[in-house]
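Shown next, in structure tokens, is the structure this report addresses.
The values are calculated or read from the model by the stated rules, or taken from the named source; none is laboratory data. Predicted model, so just to flag it, every value in this text is computed and none were measured. Note that each Cβ is placed from the backbone with ideal geometry, even for glycine, and that neighbours are counted across all protein chains shown. Accessible surface is based on the protein model in full, side chains and every heavy atom, while ligands, DNA and RNA are left aside. Shrake-Rupley method; radii C 1.70, N 1.55, O 1.52, S 1.80 Å.
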Amino acid sequence: MLQPQPFTRFQPAYVSVLRQVLTGHRYQTFGRGKDALEIINCGFSLADPVDRVPYLAARGMNLPFNFAEALWYLTGRDDLDMIAYYAPSLRNLSPDGATLTGTAYGPRLFRPNGPDGRSQYERVLRLLREESDSKRAAMIIMQPDELADPANPDVACTLSLQFMLREGQLHMTAYMRGNDALIGLLGDTFSFTLIQEFAARELRVAVGQYAHYVGSMHINKLDIPKVTAIIDEVGMSGPRTSFPPDVMPRTTWEELLEVCDWEQRLRLDQDRLTPERLHEIPLDPYWRRVLALFEVYRQIKHSPDTPVSRDSLAELHPGHRWLVAVRWPSYVPATAEAVGA
């Protein structure tokens, strides 16, 4: 079989990759303080990339971060403060304490960067509108000069993203030099497939296949206990929990900026969203549910001694509510107890 291993949705692909690296690794690597188990030349495909969320209690997915990272990319940002609010460990990668370079794919994909005044994303969508069968709709991420400084802690893991429009479906392929199978694989797949879904809505076509190719797929040895717990969780009785995916509507850039404006207000604790105010925002329910997730995270971050409001939890997508309870059980004790967190 010459094509990558096919899966319908991300969760079984994720667990399969973790199992393969843990039990079938060929190499052990040493360097940069992260000894790892490794397989090389790994690939899989997803028939339904919209079903991108793994419901695994042992993983404890930080879903607010995943949505924030995708928005950080889409709006071409590289500022540290925004993304470090959701993932403080990223501060260790910043050379100046203010920005990120290799990790920040947004400026490379979504900022104008040439004499035509367009971004790479705008160019490939224009190309697909004019030449639907094009094989050139690729966006380059990793840059040669990132390796000029051997001590650079923030080198892009992704080489390129490619769109292909075939028979009314927008397919995407990600090519990566390396992936941390526990953390990076989940975050990258989430962001890239969300970008794919956003682009498909812009082009008014269906979301097609997503393929993910990695030169070095690895698990850091310090993460082996967590990886083992994830595999055991699935292995004992199969997946215990699943929810239907939330499907993105066609979204304009103006609507996306409205989402980002609210994200900033909530992140800075300058505002709050009661259910009544949430329903007044002129956005599709899909994006209001994303804002409800940011509001729940605001309460966790800015009111650490108080449980999350039940009214706010009720506004979440059911699967997102489950993930919040698993990740932060002390803030939603009743829900966490119900899901066995």
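The set of residues in the stretch 58-77 that are surrounded by fewer than 20 Cβ atoms within 10 Å (Cβ to Cβ) and in contact with a Ser or Thr (Cβ under 8 Å, 6 or more places away or on another chain) contains only Gly76.
Every test in (1) in a loop (DSSP other than H, G, I, E, B); (2) open to solvent by 10 Å² or more (accessible area, probe 1.4 Å); (3) free of Cβ contacts under 8 Å to residues at least 60 places away in the same chain; (4) more than 19 Å from Phe198 (Cβ to Cβ) is passed by Gly102 save one, and that test is (2).
In the stretch 275-297, the qualifying residues are those that are part of a loop (DSSP other than H, G, I, E, B) and out of contact with any helix residue (DSSP H, G or I) (no Cβ under 7 Å at 6 or more places or on another chain), and the one that is surrounded by the fewest Cβ atoms within 10 Å (Cβ to Cβ) is Pro282. For the stretch 78-99, the candidate set comprises residues that are outside any loop (DSSP other than H, G, I, E, B) and farther than 18 Å from Gln264 by Cα; within that set, the residue that is least open to solvent (accessible area, probe 1.4 Å) is Leu90.
Among the residues of the stretch 189-215, which ones are open to solvent by 10 Å² or more (accessible area, probe 1.4 Å) and closer than 12 Å to Thr173 by Cβ? It would help to see each step written out before you state the result.
Filtering the stretch 189-215 down to residues open to solvent by 10 Å² or more (accessible area, probe 1.4 Å) leaves 201-207, 209, 213, 215.
Result: Gln209, Tyr213.
On the basis of being in contact with a Cys (Cβ under 7 Å, 6 or more places away or on another chain) and open to solvent by less than 10 Å² (accessible area, probe 1.4 Å), does Gly178 make the cut? It is true that Gly178 is in contact with a Cys (Cβ under 7 Å, 6 or more places away or on another chain) and open to solvent by less than 10 Å² (accessible area, probe 1.4 Å). Could you tell me whether any residue of the stretch 333-340 is part of a helix (DSSP H, G or I) and either touching a strand residue (DSSP E or B) at 6+ places or on another chain (Cβ under 9 Å) or at pLDDT 95 or above (or both)? No, that holds for no residue.
Screening Val247 against (1) in contact with a Leu (Cβ under 8 Å, 6 or more places away or on another chain); (2) open to solvent by 20 Å² or more (accessible area, probe 1.4 Å); (3) of a type in the set (A, V, I, L, M); (4) under 30 Å from Arg129 (Cα atoms) leaves a single unmet condition, (1).
Residue-wise test of (1) over 24 Å from the mean Cα position of the chain (by Cα); (2) exposed (fewer than 12 other Cβ atoms within 10 Å of the Cβ); (3) more than 18 Å from Gly215 (Cβ to Cβ).
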residue	(1), (2), (3)
Pro107	no, no, yes
Arg111	no, no, yes
Arg123	no, no, yes
Ser132	yes, no, yes
Pro144	yes, yes, no
Asp154	no, no, yes
Leu170	no, no, yes
Thr173	no, no, no
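When residues in the stretch 1-39 are screened for being assigned to a helix (DSSP H, G or I), closer than 24 Å to Thr193 by Cα and open to solvent by 40 Å² or more (accessible area, probe 1.4 Å), 3 of them pass.
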